[in-house]
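Read the figures in this text as sums done on the coordinates, not as results from a lab. Everything numeric here is computed off the predicted structure, so don't read it as measured data. All Cβ positions, even for glycine, are placed from backbone atoms using ideal geometry, and neighbour counts span all protein chains on display.
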Amino acid sequence: MKKSVFAGFALIVALGSCQKETEGIDQTSMNQAQSFEELQVSHNFNWSTETNYQLELKGLDKMPFAVKKQLSIESLNGEILHTALAEISEDRIINFKSQAGLNTVLIKYGSITKESSLNQGAFHFDFIPVDDTSDLDPNDQ
């Protein structure tokens, strides 16, 4: 008798614990789209993962001769984002598209490589090489 009461109690507990809980679940999240055609988004939603950027070049004044080389804009992991010919003596704005959320780039022009962070909506680059004093005696600096 005890075995049948215990088995009946165990069966009731087991069946009761398998019941689906619907309390506290937002029913609107249960209606997930199965395809792109079923998605409902606002008419001005931007599906693009790209953003427009600007690179402001500050040319060198009073160059005795024209120097024109390829300038490349790269991500910090080395991916080339944009290339353009640039003259060392001219101020110029280069517009380019790249992945959204870009904050820092590497800009290469000949032997000059500089890192630039997004500042006031643009990256900035001048053609003045970085002063490398690593080969100097620390006492002379």
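Sorted fewest first by neighbouring Cβ atoms within 10 angstrom, Ser4, Ser134 come out as Ser134, Ser4. In terms of overall dimensions, region 74-126 has a Cα radius of gyration and Dmax of 10.9, 31 angstrom.
Each peptide in 96-106, 37-47 gets a packing score, the mean of other Cβ atoms within 10 Å over its residues, and the list from highest to lowest is 96-106, 37-47.
Residue ranges 66-72, 127-133, 114-120 sort as 66-72, 114-120, 127-133 when ordered by packing (mean number of other C-beta atoms within 10 Å per residue, highest first). Its Cα centre serving as origin, region 25-141 has a Cβ charge dipole (Lys and Arg +1, Asp and Glu -1) of approximately 420 debye. The stretch between Val41 and Val67 holds 4.3 nm of extra length on full extension. This uses 0.36 nm per residue minus the Cα-Cα distance.
Between the amide H of Val67 and those of Ile88, Ser89, distances stay under 5 Å, these residues lying 5 or more places away or on another chain, with hydrogens modeled in the peptide plane. Backbone phi angles across region 37-51, fed through the Karplus curve with coefficients 6.51, -1.76 and 1.60 (θ = phi - 60°), yield HN-Hα couplings of 5, 7, 5, 10, 10, 5, 5, 9, 5, 9, 7, 6, 9, 10, 9 Hz in residue order; Gly and Pro are listed as x.
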